[in-house]
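The values are calculated or read from the model by the stated rules, or taken from the named source; none is laboratory data. This one's a predicted model, so the numbers in the text were calculated from it and none came from an experiment. Here the Cβ positions follow ideal geometry from the backbone for every residue, glycine too, while neighbour counts run over all protein chains shown. The accessibility values were calculated without ligands, DNA or RNA, using every heavy atom of the protein model including side chains. Shrake-Rupley method; radii C 1.70, N 1.55, O 1.52, S 1.80 Å.
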Amino acid sequence: MSKKYDYPKGPRMPSFVQTFHWFFRVYPFLTRCAERFSSPIRLKFLGFGKVVMFSDPQSIREIFLGDTNVLFAGEGNSLLEPFLGKNSLLILDQERHLRERRLLLPPFHGERMRHYGQFMQDISEKIMDKWPVGKPFAVDNYLQEISLEVILRVVFGIEDQQKFVTYKKAILALLRHMDGFGALVLFLPVLQKDLGRFSRWGRFQNDMRKFNDLIYEELKGHSTESGEDILSLLINATYEDGSKMQPPEIRDQLLTALLAGHETTATALAWALYWLDKTPRVYQKLCEELDSVDEWDAKTLSRLPYLDAVCKETLRLNPVIPIVARRLQQDYTVNGYHLSKGTLVAPCIFLTHHREDLYPNPQEFRPERFIERKYSPYEFLPFGGGVRKCIGAAFATYEMKLVLATILRRFSIKLKNTKLKMKRRSVVITPGKLQLVVHER
Ligand code: HEM
């Protein structure tokens, strides 16, 4: 009898052990997998069915360019549904996904995006004014504040400080539920029991209600006159059949943009500071490039190749989101592996970025590699790929460069704690609490 499906080898640990490693020790877990098996690797996670992880560019290309009627990313992200809602761009597939994506893409691209440069810089400078010079402080809180204020401004057009504080409180309350063990409650359906304020899920539901009230209140009173923010865009948007977006749909897209666009960028910036501190040669070379510019404004960024390479190298070594996934809607073949319907096929960003054949000496922080060589979208993929590629990729890269340049032009930096304590926050992997010491230059 011929074998119908081809499943690759993978770790033999029981699924609950693999799930534990996945949540709490993801980088070492992935590294050990790659030491023992070549791409693809079969993994077993509680409640996820069959998982096959790929880290070779050929397979990743096939997945990213594959049939979107078979490779469902929305289902691959279903874990996030209790948080983002069923209408979130991240959760949708096929026609509806493309329809909403077409609507949400323009504000994050081209001229419209560059228009945000000035306020990104203003917000960064305002928050940096609060940094205690000469004394160690937890920089990640400030990086989060910058990226949250930037995205709130883009999404809601919020400028009023009081309103910003109210939103910030509501969002941070939600995010706290996604920290450490708390994340398990959100992600594992068996733990989703509302036992009032005595249960984690109950407290999460309560914070979610508060956040929804805030959004629905905003929807009622929002002025769409300027038309520049995403909320105005969604309120005014009309689909081809003449219908309008309904409030629950708007709520889900707003929350998605807020969450996807804030933790990720702040975390990428934290990693950049970590690597610059660890690699004085790169730090110095970057400062020299930044100092070589006389007239400084947001447009200057396009003339700074080393800054661009530093940001790329940061996202290569610590891609923030280590893996993306697509759920097969029917039997499907990826790079010769015939896999059954329901399998989760997962391009692993982290392992692809650590391949010795693509990135010699992959553990080294060496931005020059991005100047010496151009990588394909299947070799360098911090923002995923295909029709699901992150809609905020250009925006996040721009913000990352601008904030980093603004910090380094003003301050010299040194980390106090150099021992890395990586931590998962929701779906992103952070370097943990970084204690930074700054001096005016
Ligand atoms: C350094 C910062 C960021 C990183 C590393 C990042 C990474 C990613 C990744 C890996 C995906 C999944 C792609 C896939 O499945 O192939 C994604 C999707 C997405 N990201 Fe980002 N992201 C960042 C910033 C942002 C920002 C600023 C926004 C602003 C709105 C954003 C909004 C989204 C949305 C809406 C999706 C879903 C796209 C879709 O399914 O069509 N992200 N991002």
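The local environment of Lys135, defined by Cβ-Cβ distances under 14 Å, has a net charge of +2 under the rule Lys, Arg +1 and Asp, Glu -1. Is the range 226-357 best put as rounded, prolate or oblate by its Cα gyration tensor, with a ≥ b ≥ c the root eigenvalues, rounded for a/c under 1.5, and otherwise prolate when a/b is larger than b/c, oblate when not? Oblate, because a/c is 1.5 or more while a/b does not exceed b/c.
The order of the peptides 349-355, 294-300, 207-213, 145-151 by mean Cβ neighbours within 10 Å, most packed first, is 145-151, 349-355, 207-213, 294-300. For Lys50, the aspartates and glutamates whose Cα comes closer than 15 Å to its Cα, not counting residues fewer than 8 places off in the same chain, are Asp6, Glu75, Asp331. Between Ser199 and Ala393, the contour length at 0.36 nm per residue exceeds the Cα-Cα span by 66.2 nm. Mean silhouette area of the range 15-440, derived from the convex hull of its C-alpha atoms and averaged over all directions, reads 21.0 nm². Determine which residues of the range 364-391 fall in the zone a paramagnetic label at Leu65 would reach in this model, i.e. backbone nitrogen under 11 Å from the point 7 Å along Cα→Cβ. The answer is 377-378, whose backbone nitrogens lie closer than 11 Å to the label point.
Charge tally around Gln161: other residues with Cβ under 11 Å, Lys/Arg +1 each, Asp/Glu -1 each, net 0. Taking 7 Å steps out from each Cα toward its Cβ at Val26 and Lys135 produces label points 3.4 nm apart.
Extents of the range 316-441, taken as max minus min of Cα coordinates on every principal axis and listed largest first, are 59, 34, 28 Å. Centre-to-centre, using Cα atoms only, the range 294-328 and the range 228-292 are separated by 12 Å.
Of all lysines in the structure, the ones whose alpha carbon falls short of 16 Å from that of Lys374, not counting any fewer than 8 places away in one chain, are Lys312. Spread over its residues, the convex hull of the C-alpha atoms of the range 1-50 is 90 Å³ per residue. Shape summary of the range 16-120, radius of gyration then Dmax from alpha carbon positions: 17.7, 48 Å. This model, with +1 at the C-beta of Lys and Arg and -1 at the C-beta of Asp and Glu, gives the range 15-440 a dipole about its Cα centre of some 1640 debye. When only alpha carbons are used to place a centre, the range 199-224 and the range 73-121 end up 19 Å from one another. Could you compute the net charge surrounding Tyr27? Neighbours are other residues with a C-beta less than 13 Å from the C-beta of Tyr27; K and R count +1, D and E count -1. Taking every other residue near Tyr27 into account, the sum is +4.
Once the chain from Lys210 to Asp6 is taken as fully extended at 0.36 nm per residue, the excess over their C-alpha distance is 68.7 nm.
In the range 15-440, the portion of solvent-accessible area held by carbon and sulfur atoms comes to 53 percent [1.4 Å probe, whole percent, DNA, RNA and ligands not counted].
If the chain linking Lys419 and Asn236 were pulled fully straight, counting 0.36 nm for each residue of separation and taking away their Cα-Cα distance, it would gain 61.0 nm. Under the membrane-span-like helix rule (DSSP H runs whose alpha carbons stretch at least 24 Å along the helix axis, mean Kyte-Doolittle hydropathy -0.5 or higher), the chain yields 139-156, 393-410. Heavy atoms of the protein chains alone define the surface here; on that basis the chain has 45 Å² accessible area per residue at 1.4 Å probe size. Straight-line reach from Lys414: taking Cα to Cα under 16 Å and skipping same-chain neighbours fewer than 8 places apart, the aspartates and glutamates in range are Asp140, Asp277, Glu440. Close amide-amide hydrogen proximity is noted between Asn318 and no other residue 5 or more places distant or on a separate chain, at a cut-off under 5 Å (H modeled in the peptide plane; Pro and chain starts excluded).
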